[in-house]
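Enquirer: My questions will all concern the structure given below.
Since every read-out is calculated from the coordinates, none of them should be taken as a lab result. Computed from a predicted model, the values in this text were never measured in an experiment. Virtual Cβ from ideal backbone geometry, glycine too; neighbours counted across all protein chains shown.
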Amino acid sequence: MTAVVIDGREVARASRARTAQRAQAFKDQHGHAPGLATILIGNDPASEVYVRNKRRLATEAGLVDVHHHLSADVAEETVAQLIDDLNADVNVSGILLQLPLPKGLDRAGLIDRISPAKDVDGLTTVSQGRLARGVSGLRPCTPAGVIELLDTAGVAIEGAHAVVVGRSELVGHPAAELLLRRSATVTIAHSRTSDLAAVASTADILVAAAGIPALIGRDHVKPGAAVVDVGIHRTDSGLIGDVRFDEVSDVAGWITPVPGGVGPMTIAALLSNTVTAAESLTR
Ligand code: NAD
């Protein structure tokens, strides 16, 4: 193996420790800690685990945990009213609507109901517009985590050719925007890209976010490249990513593992965004 393995658990732990210090400083100044409201709708087991972890780590970082669990057949107006109430609640700094939503609920409409000032997932139209314009705002958590991993590992972003595999609203597109803002030369590959290996193998930084298990192999990677694996897939032998780790770690310069790479960073970025939102709301 030639690649340096980037330890996302460790980077995330350090990030959460910084967030905890900021949360304490906020509490000292304002008399209450920043609050993170989570809204979980339905009983999707994976979503339940994600939300439980977010709440646990939020509490550990000293944030106030505000949780609402609604049934899958909840009326859309009820969810909208809850979001309005949380928007108005001075003890709530961040609002997270756990995705995916049960069928029948208007995902885009409900996300955009969240006040951009409390949009700690960075998914509202306003937050995404701010990202595209390069003005300050809350950034999507997983892409923000990708950048933090690269920075911590000492990977040069400016001037590098970054290829992002995937163009979703949640991961691929905002990751490409963040890399562009950091002056990388960015290519976005997607399901219609005709020769993925030809495109990906020109990357100095390769972000794999296609959601296809083991899509990226040796042929997709330029020797010495930094490979960030966003994919998460449950298999009988455990979690795997979009990248064939054993194969690619013989070629890459840096690689993130699954589990223990990007996953922990997503929650760390969420907690950091919550304190940032609290600071901005009281400024
Ligand atoms: P998505 O399905 O919304 O988007 C996948 C994207 O990949 C699409 O833009 C599609 O065009 C592209 N794609 C599909 N097949 C491709 C192919 N063969 N070649 C090139 N591009 C292809 O998924 P998403 O929400 O962006 O998530 C992507 C992956 O990241 C999933 O495995 C998901 O579980 C994981 N994820 C991880 C975290 C984390 O915290 N680590 C957070 C969010 C998502």
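Enquirer: Out of region 34-131, which trypsin sites (Lys or Arg not before Pro) are coil in DSSP terms and have no more than 12 other C-beta atoms within 10 Å?
Expert: Sparse-neighbourhood loop trypsin sites (Lys or Arg not before Pro): Lys103.
Enquirer: Which whole-Hz couplings ³J(HN,Hα) result when phi for each residue of region 234-246 is put into the Karplus expression 6.51 cos²θ - 1.76 cosθ + 1.60, θ = phi - 60°, listed in order with x for Gly and Pro?
Expert: 7, 10, 4, 9, x, 7, 10, x, 7, 10, 7, 4, 4
Enquirer: Sequence neighbours fewer than 8 away in the same chain don't count; with that in mind, list the lysines whose C-alpha is under 22 Å from Lys27.
Expert: Counting by Cα, and skipping residues close in sequence, Lys27 has these lysines nearby: Lys54, Lys118.
Enquirer: As an exercise, identify the GluC sites (Glu not before Pro) in region 117-183 lying in DSSP coil whose Cβ has no more than 11 other Cβ atoms within 10 Å. Don't skip to the answer; put the middle values down first.
Expert: Working: sites: Glu148, Glu158, Glu169, Glu177; in loops: Glu158, Glu169.
Those that pass, being in a loop and sparsely packed, are Glu158.
Enquirer: For the chain, what is the Kirkwood hydrodynamic radius in Å, using each pair of distinct C-alpha atoms?
Expert: When all Cα pairs of the chain are included, the Kirkwood radius is 19.3 Å.
Enquirer: Once the other residues with Cβ under 12 Å from the Cβ of Lys54 are scored (Lys, Arg +1; Asp, Glu -1), what is the net sum? Please list the in-between numbers first.
Expert: Working: positive: Arg16, Arg52, Arg55, Arg56; negative: Glu48, Glu60, Asp65, Asp121.
Once all neighbours under 12 Å are counted, the net charge is 0.
Enquirer: What share of Cα pairs, in percent, lie more than 21 angstrom apart in region 1-151?
Expert: Working: 5692 of 11325 pairs.
Of the Cα pairs, 50 percent sit more than 21 Å apart.
Enquirer: Mind jotting down the distance between the C-alpha centroids of region 185-221 and region 127-178, whole Å?
Expert: Spelled out, the Cα-based centre of one part sits 16 Å from the other.
Enquirer: Can you tell me the Rg and the Dmax, both Å, for the Cα atoms in region 105-264?
Expert: 15.5, 46
Enquirer: Among the DSSP beta bridges whose two residues both lie in region 141-263, what percent are antiparallel, rounded to the nearest 5?
Expert: On the way: 3 of 19 bridges.
So the antiparallel bridges in region 141-263 amount to around 15 percent.
Enquirer: Let me ask you something else. Which percent, nearest 5, of DSSP beta bridges in the chain are antiparallel?
Expert: 10 percent
Enquirer: Could you check which residue among Val262, Val186, Val135 shows the biggest mean-square fluctuation in a GNM of the chain with a 10 Å Cα cutoff?
Expert: Among Val262, Val186, Val135, the largest GNM mean-square fluctuation belongs to Val135.
Enquirer: In whole angstrom, note down how far apart the Cα centers of region 227-283 and region 45-73 are.
Expert: Taking the Cα centre of region 45-73 as reference, the centre of region 227-283 is 19 Å away.
Enquirer: Pick from Gly134, Gly109, Gly238: which is most flexible by mean-square fluctuation in a GNM of the chain where alpha carbon atoms under 10 Å apart are linked?
Expert: Gly238
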